[in-house]
Amino acid sequence: MWRRAASLSSLIFSSSQPLRDQQGAYSLKAWKFFCADSSKGAGYFSKEKNLFITFVLGGPGSGKGTQCAKIVENFGYTHLSAGELLRREIASNSEDGAMLLDTIKEGKIVPSEVTVKLIQKEMESCGNCKFLIDGFPRNEENRIAFEQIIGAEPNNVLFFDCPEEEMIKRVLSRNEGRVDDNIDTIRKRLKVFAASHHPVIEHYSKKGKLYKIDAIGTEDEIFERVRPVFAACEGAQ
Ligand SMILES: Nc1ncnc2c1ncn2[C@@H]1O[C@H](COP(=O)(O)OP(=O)(O)OP(=O)(O)O)[C@@H](O)[C@H]1O
Ligand SMILES: Nc1ccn([C@H]2C[C@H](O)[C@@H](COP(=O)(O)O)O2)c(=O)n1
Ligand SMILES: [Mg+2]
C-alpha cells in the first residue's frame, strides 16, 4: 500500500498535503470519512449513499470524455458529462433550452444551479455509487454549488494537462456535429478555461486530491497514466 501511495504521490499537483492518508492514499476508512464528513451539508442523497466521486477536469479537447470511457470500461464507474447533460437538456426542448444553447455557442459557462441540478438528477436515479463527473466544476461557482446542493466533495480530481494547440487540433477534428466545435467558439472556450480553472485546481491541490495527468500521447498511453489512480481505489475497496 505504501509503495502504491508513494508512486501515486508523484502525480499529485502540489503537495501541501501530499498523501491524504498516512496509511495509504485511498483507504476505505478515508473514503468513508470523506463521505460522512461532507454529507453534513444540504444533500440528503449523499447522506444515504457511500458516494465515491471523481471530478475529471481539463480544457476543451484535452481528452476527458475519451479517458472517461476507458475508466468506465475498466473500473465500472458511471460517467456523467456535464456538457452532455446540458446538450441533452437543450435537445429535450426544456424551458432553459434557448438560454443554454446561447451560452454554449458563446463558449460561456451555464449558471451553476442548472448544471448541478442535472447532475443531481442523474446521480439520484443511478444505482451506482462511483461517479466520474466530467467537465465539472469549471469554476469556483460550480464547485461551491455542487458542495451546497449535493452535500459532498470529490474523493479524487483528475486534471488533463494539454497544450492549447493540441486541444484546438483535437476539437477541430472531432466531427461530432457540436455547435461549439468551431474555431471562434473554441477560442472563447479556451479563454474562459484559462480564466476560471486555476482556483478550482488550486483548491483540490491544497486538499491533496488532485492528479495532474500529461494529456499528450496516444489514448492508450494516457490511460496507462490514469489507471494507477483508479487501481489504487479498487485495492482499497
Ligand atoms: N490522446 C489523444 N490523441 C489524439 N486525439 C485524441 C486523444 N484523446 C482524444 N482524442 C480525440 O480528440 C477529440 C477530443 O477528445 P474528447 O472529446 O475526449 O475531449 P474532451 O476533453 O471531452 O473535450 P470537451 O471538453 O470539448 O468535451 C476527440 O475527437 C477524441 O477522439
Ligand atoms: N460545468 C459545465 C460544463 C459544461 N458547460 C457548457 C459550456 C461548455 O463549453 C459546454 C460543453 O461542455 P463539454 O462537453 O466541453 O464539457 O457545456 C457548462 O456551462 N458548465
Ligand atoms: Mg467531453
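Values in this text are rule-based calculations from the coordinates and carry no lab data. Only a predicted model underlies this, so the values are computations on that prediction, with no experimental measurement involved. Neighbour counts run over all protein chains shown; Cβ positions are idealised from the backbone, glycine included.
Quick look at the values:
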{"item": "Mean shadow area of segment 123-173 over all directions, Cα convex hull, nm²", "result": "5.2 nm²"}
{"item": "Fraction of the pair-distance distribution of segment 97-214 above 23 Å, Cα-Cα pairs, percent", "result": "37 percent"}
{"item": "Cβ charges +1 (Lys, Arg) and -1 (Asp, Glu), total dipole of segment 183-224, debye", "result": "500 debye"}
{"item": "Pairwise centroid distance, computed over Cα atoms, of segment 70-121 with segment 139-176, Å", "result": "12 Å"}
{"item": "Where labels lie 7 Å past Cα in the beta-carbon direction, separation of residue 126 and residue 91 in nm", "result": "1.7 nm"}
{"item": "Loop-located trypsin sites (Lys or Arg not before Pro) in segment 146-237 whose Cβ has at most 16 other Cβ within 10 Å (DSSP)", "result": "174, 178, 207"}
{"item": "About the Cα centre, charge dipole magnitude for segment 49-190 (Lys/Arg +1, Asp/Glu -1 at Cβ), debye", "result": "280 debye"}
{"item": "Relative packing of 82-89, 124-131, which averages over residues the other C-beta atoms within 10 Å, highest first", "result": "82-89, 124-131"}
{"item": "Nearest-0.05 FRET efficiency for residue 98 and residue 187, computed from C-beta distance (R0 25 Å)", "result": "0.60"}
{"item": "Using a Förster distance of 25 Å, the FRET efficiency for residue 117-residue 207 (Cβ separation, nearest 0.05)", "result": "0.50"}
{"item": "Total charge dipole magnitude, segment 127-220, about the Cα centre, Cβ charges on Lys, Arg, Asp, Glu only, Debye to nearest 20", "result": "200 debye"}
{"item": "Label point distance in nm, residue 194-residue 179, each placed 7 Å from Cα along Cα→Cβ", "result": "2.6 nm"}
